[in-house]
Amino acid sequence: MRTLIFALTLGFFITSPSNGAAQIDTLGVILETYQDSNFNAIQRVVNAYYATRDKGRGTGYKQWRRYEWFVDPRLGPSGDRLNLSAKRFQEVQAMRYGRSAMVDFANWEFVGPDNAVLGAGWSGGIGRVNTIAFHPTQSSTIFVATYGGGIWKTTNDGGTWQCLTDALPIQSFVGIEVSQADPSDLFALTGPGHTSLWSLGAVRGSIGVVKSTNGGNSWSTTGLTWSDSSRVNVFDLEMHPTNSEMLFVCSDSGIHKSDDAGVTWDLVYSLRRAMEIVFHPTDSLVMYASDYNRNSSSPFARFLRSTDAGESWTVIGSGVFPPNCQRIALATNPLLPNLVFAMFGDKTSGAAFDGLFLSVNQGSTWSVTNNSATDILGGNIGGGGYSQPYRNNRLA
């Protein structure tokens, strides 16, 4: 039936008058007849029609080209028109309810490392896994940085693991980054992160950022170095997603920045202790960070934004966020790049979860998306129980 309609309609084109009004009417017939067809087929019919006819004023040709321009970016690879409304709805649902509402991610498998020698006490083992980093071109190569257990590497998707830092004087690491430009260059931030357990003797302060130029076989210091006795707390190491020379560290002192792969560093923010940094998915100049006032005066934690690749920072959202928050965890969405999520962990002795906030305009304004009474940061299954939001509050 479709073939018959096509033949009859094409015959109508051939016998129709060539005046402008008739051509516009004929264009309408084409689009209505083939409205459910592959758009590539529609283009062939319309282009064949106009190949021997007037394309001037009043013929409908300009309107057709406008329509063609509008539809073209809304097509799939084969020329089928996409249901953009349905696609946007799915993205909003995923953002609102989490990816688990659309895809089942429950099938997790333990891949290690599990070959560490267990130590004495309740905290023996490799320590808390703080960061995971991936090789940019070898998908089976993964690095993990642990608290008290060193940096580990697998080259077979977790089948076997090798510790890369046995020769270093410190085995606690907050972060690790792999250079996108040269994957043999690794950067690691030493230190336990937020702690007040110096008196136990087993906890050591950060000695700064260390670098390997051979995939972790050996390490050397960089321009950001502290002595162990300084007892510096560190919280985050980030590499700029489009510039592997640009590094950022969050510490007790604030935000440190390097533009030359760690050779030299500048303290670009020093008002408070800095906790973490995330990058805008598409704008290389926009960055977000959170800080924390360790002097215990409200507000405890704040949201920061930079629009010049971390050279300067502005506090945003004062008076909107919970006043007793101890740590703000941040995340962005690559599908909706101007969105920013902020999850708050409370400083008080009550429930640790203090709300999930959303901004749709790079942090300029905020709204609450979840302030449930359930303490999702608690250690118990289902929420509640002992929690440490200043250490464990993470969002991705």
Would you say SER220 is exposed (fewer than 13 other Cβ atoms within 10 Å of the Cβ), in the same structural domain as LEU304 (by TED's automatic domain parsing) and of a type outside the set (Val, Ile, Thr)? yes
Conditions (1) closer than 25 Å to ASP228 by Cα; (2) modelled with pLDDT of 90 or more; (3) among the small types (Gly, Ala, Ser) -> ALA167 fails only (2)
Every residue in the stretch 46-97 that is at pLDDT 80 or above, among the hydrophobic types (A, V, I, L, M, F, W, C) and outside any helix (DSSP H, G or I), please. ALA51
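Condition check ((1) crowded, with 20+ Cβ neighbours inside 10 Å; (2) outside the structural domain of GLU177 (by TED's automatic domain parsing); (3) over 23 Å from the mean Cα position of the chain (by Cα)) across all residues:
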| position | (1), (2), (3) |
| --- | --- |
| SER206 | yes, no, yes |
| LEU237 | yes, no, no |
| TRP265 | yes, no, yes |
| MET275 | yes, no, no |
| THR282 | no, no, no |
| ASP291 | yes, no, no |
| ASP308 | no, no, no |
Is it true that VAL286 is touching a residue at least 60 places away in the same chain (Cβ under 8 Å) and in the same structural domain as SER206 (by TED's automatic domain parsing)? yes
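The values are calculated or read from the model by the stated rules, or taken from the named source; none is laboratory data. In this text the structure is predicted, and so the values were computed from the model without any measurement. Ideal geometry is used to build each Cβ from the backbone, glycine not excepted, and the neighbour counts take in all protein chains shown.
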